[in-house]
Structure formats: structure tokens, C-alpha cells
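Notes for the one structure printed next.
Read-outs: derived from the displayed coordinates by stated rules, not from any lab. Fair warning: this is a prediction, and the values are worked out from it, not measured in the lab. In this analysis, Cβ positions are derived from the backbone assuming ideal geometry, glycine residues included, and neighbour counts consider all displayed protein chains.
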Ligand SMILES: Cc1ncc(COP(=O)(O)O)c(C=O)c1O
């Protein structure tokens, strides 16, 4: 994917994030993920039904990388089984940490494939998806 | 002015994070290297020449600070690791023993965490009440709001002389004189004011004051606590040990030293104190009034130039002083800071350790430019040039 396209995808997801805004629906489980070292802070909601991720929502203030990666992660993980989702997250973590990973599995999430070149932003690119992972583990 | 005194500026960086810490001039660095190289001995405990020199330089720095803030005696100055430690000593060494349940302390929501959390913990511990003086619409403190916040339970007011986010200079003289009429003590967090504007503890009639050397060209990890002698003498040490005792035989027979040494247990940050003393000399050479006038004018230039940018929100343009807080429309503060770093411009983003200020500003994260005397118009022009760009967000991503 070329860098122009990557930037466009990131900016679109930052400016119009997918599933931003929380619901009052009690059937969701809730969590918070914040960064102790910078100012990013997310509230996250997850709904799992029959082992399938039915919905994820979030709210909060964060930088462009953190917000966009949250948005893309959500659109990627909805509809997946818990095992599929955890597998995607594991591959995403490997990509961020410069290990071998399955590129096809990640689709749009590969816009962050070069983020390792900016070490201080690795945590921005993982904050949201790590928050989702915590919730999925609670749901299991 | 005096840019040539700061080796780091040769690298071409534009340094606008003076509210966090200032740069260090070569003379301060050299004074510390001189100590470590030529008389690296302990203070107050040797009978040989280099130790006597270390002791006298250490005490000379105390003398310099006493003159700098116009304290009555040098015994009113205690060296600490900085404003945070000083404030904790004031709260936990004095007020913990003199306040009772339901006594009130007044602070503001614009205070630094170091002037909030010690009070919150004291509320948790002994049941005092922390109340807030409401800020004006410019986020400053007015005497009227102070008067309206005082009740017959108010025992202490604890505020910064200059706020680290808004940058306003609080009307301390009026506040303190009114507080004293009501029998209220005043604690001043002077982290942002000493070395930036003239601070005269006698003229202002300050009861307790906290300072940090690193915000006025000095080294990190060193600062001071000032209090009027009788108040300082009532602060209970929280560190006991070497250096601060005269004699002891058993728990019933201990004699501690007099002020200020009884509050300086253990081997001190001698190099830090010496560097602090040098920073005071350096600032005196430039002249504190010159520094204040210069940064005030520079801020006016900064405001004028930033207004050329149409998608900017400035939160404190009408405030005199050296701090300016802003956001670029639709760009998260941290992204703006990361973007500016690509141009070697150092600014701070976030909540600036004033996490309660969100309630007042209605906005959580901002970008802060804080000026000092070595900044110049050219620095500001570089900032404005960098911000005149529709693609800040895009470029901040770094991909
Ligand atoms: C207003 C104010 N108070 C207190 C502090 C704490 O100073 P230090 O970190 O040197 O203890 C700071 C530093 O950021 C400050 O700006």
C-alpha cells in the first residue's frame, strides 16, 4: 500500500471514526484504556453473542494515530469469532513489533506497518486494540 | 537575549517548553563541573580545604537565594529537591499538625498537581476540606473571588504565584494582605515566578513558598522552601539522620540542629545547590526586571503573529506573561506537538499537570508555548511559519 493511501485511510478514520459514541445498552461490557505516559484515553464497550463479536463502541480523546487505529480495529473485528479476533490482534501486535505476521489477515490495519520507525507512536497504534483485547478476554 | 550563553541553542532547536524546565547556561554547567572536578567533598563535615570550600559555596548559595527573594535571614531558606518536595513539607510537616477536621484550604482548579495532591491526601488523612476559589472568565484569580470563597473555617490559601497553564500573575499582595486580616496563612507555589519576575517575600508578606532551580536556569532536582522563621521552625522534619542532629543517646535524648540544617538531613545535592547559586548570579547579571519586560513584549509579538493563522484557538491571549496556550482546529494537541518537533520546535502538549483545569477551560488538552529571555522573534517566526500549513495533521502522522 502506498503512503498516500495509508495517510488517507488514517485521516478518514480520525476525522470520522467508526462507532464513536457509547450506548446505554446494558448488554455491553465496558472498559477503559488510557496511556499512563501520554494523554490518550478511551472508554470501550463490547457486545459478544454466541462467541461472535456483535459490536464494539468507543469514546474518548486521543491523537490521530490512536483514534484511527481504534476505528479501523473496530470495523475489522466486528463479526469475527473470539478466536478469530484474538488471532488478528496477535498478528497486529507482531506487525507493530517487527515480527513475522500474516499480512492478508490484517487488511486495512497494515496502514500502521511502518509505525515502528516512530517508536514513541507504537503505543498510540496499539492502545485501542489492546483495550479491546482486555475486554474480549473478560468476555470469554 | 543572551543566546550565546546556552550551548544547546547552537543545535538550532527552538525551545518553547520553559514552563517545564529552562535551558542551562554554560556558567551553571561549569560551576557544577568545577565542584565535581576540583572540590568534590562533603559539606559541613571536613577539616580540610576542599571540604571547607564545598561548605562555604553551599552556604553562599543560601545567602544568594536569601537576597534574591529578599528573605529576612538565610536560616529561612531550606534546600529541597524542588517545589514538589517543598509543598509536601509544608503540608505534611506543618499543616498536618495545625489543621483540624473540617478546617478549609482554598486552592484553584488551575493549580499544578504538586499543589493539589498533598492537600487531597491531607483531606483523606485528617478530614480537612479542599475548596476552590472560582476563576474569572479569563481563568485568573480576582481578590473578589477570594473574598467570596473565604468562610470562618478557612485556615490557609495555597496558590501558585504564576499559573503554569494560563501564565497569569496572581495578585498576591492584595490576597495575602486580606488573608492575614482574617488570620489565614498563605502558601505560594513560586515554581513559575522566581527567576521570571521579581519576587520579594517581605513585600508580599508570604508565609510559605516553594521554588525549583530548574525553572530558572538552574539544575534539576534542587529547589528551596522558604517560610517565615517562626513558621519554618514549626515544620516537623520528615527525614531524620545524619547532618541534622547535634547529639543523641536514646529516644528520649535527642538534640537536633537549628534551622535550616534540621530540615536538610543526609548528604545534600551539593552540586545542585552550587549550580542554583550560579543561576541566581546569572539572572542577577541580566536583571530580573529586564527578563520580565522582555518576555512580556515577546508574548505580545507571539500573540500578534499567531493571530495570522485562521484555524487557531488561543485560550489566554489577554494575559500578560510568558505562557500561551492554544489548539489548532481539528488537530489533537499532541499531534500538533509531534508535528512541530519535525521542525525542531519544542512545545508541550497535554494537561500540563493541571488536570482539574479541564473543568474550567472546557477543553482537556492544549499546546503550550512558554517563553524565556533567550527566545527571540526569529523563534516565533519559525513557529508561525510551521503552523501556517493546512496539512499539519497529515504531516504529524509521519507516514
Ligand atoms: C506551578 C508549578 N508548581 C509546581 C511544579 C513542580 O515543580 P518540580 O517538578 O520542580 O517539583 C511545577 C513544575 O512543573 C509548576 O509549574
Cβ-based exposure ranking for B:257, A:70, B:32, in which fewest neighbours within 10 Å come first:
B:257, B:32, A:70
With no solvent and one point on each alpha carbon, what is the Debye value of log10 I(q)/I(0) for the protein assembly as shown at q = 0.07, 0.09, 0.10 Å⁻¹?
-0.50, -0.78, -0.93
Counting DSSP beta bridges in the protein assembly as shown, what percent are antiparallel, to the nearest 5?
65
With 10 angstrom as the radius, rank B:163, B:83 by how many other C-beta atoms surround their C-beta, starting from the fewest.
B:83, B:163
Starting from the eigenvalues of the Cα gyration tensor, five times each then square-rooted, give me the equivalent ellipsoid semi-axes of the range B:84-220, largest first, whole Å.
22, 18, 14
Would you list the P(r) distribution for the range B:1-160, with all Cα-Cα distances sorted into 10 Å bins from 0 and each bin expressed as a whole %?
9, 23, 27, 23, 15, 3, 0
Of all the C-alpha pairs in the range B:81-137, what % are more than 13 Å from each other?
58
Taking only the alpha-carbon positions of chain A and ignoring solvent, what does the Debye formula give for the base-10 log of I(q)/I(0) at q = 0.21 Å⁻¹?
-1.37
Rounded to the nearest 500, what is the 222 nm mean residue ellipticity of chain A from helices alone, with -39500 (n - 2.57) per DSSP H run of 4+ residues and division by all residues?
-14500 deg cm²/dmol
For chain B, what is the Kirkwood estimate of the hydrodynamic radius, computed as the reciprocal of the mean inverse distance between distinct Cα atoms, to one decimal in Å?
22.2
Report the equivalent ellipsoid semi-axes for the range B:186-324 in whole Å, largest first, defined as the square roots of five times the eigenvalues of the gyration tensor built from alpha carbon atoms.
40, 16, 14
Dividing the convex hull volume of the alpha carbon atoms of the range B:287-397 by its residue count, what do you get in Å³ per residue?
105
Cα centroids of the range B:14-78 and the range B:79-119: how far apart, whole angstrom?
26
Hey, in the GNM for chain B with a 10 angstrom Cα cutoff, which one of B:205, B:47, B:103 fluctuates hardest?
B:47
Starting from 0 in steps of 10 Å, tell me what percent of the Cα-Cα pairs of the range B:143-205 lands in each bin.
20, 55, 23, 1
With springs only between Cα atoms under 10 Å, which of A:100, A:12, A:90 fluctuates most in a Gaussian network model of chain A?
A:100
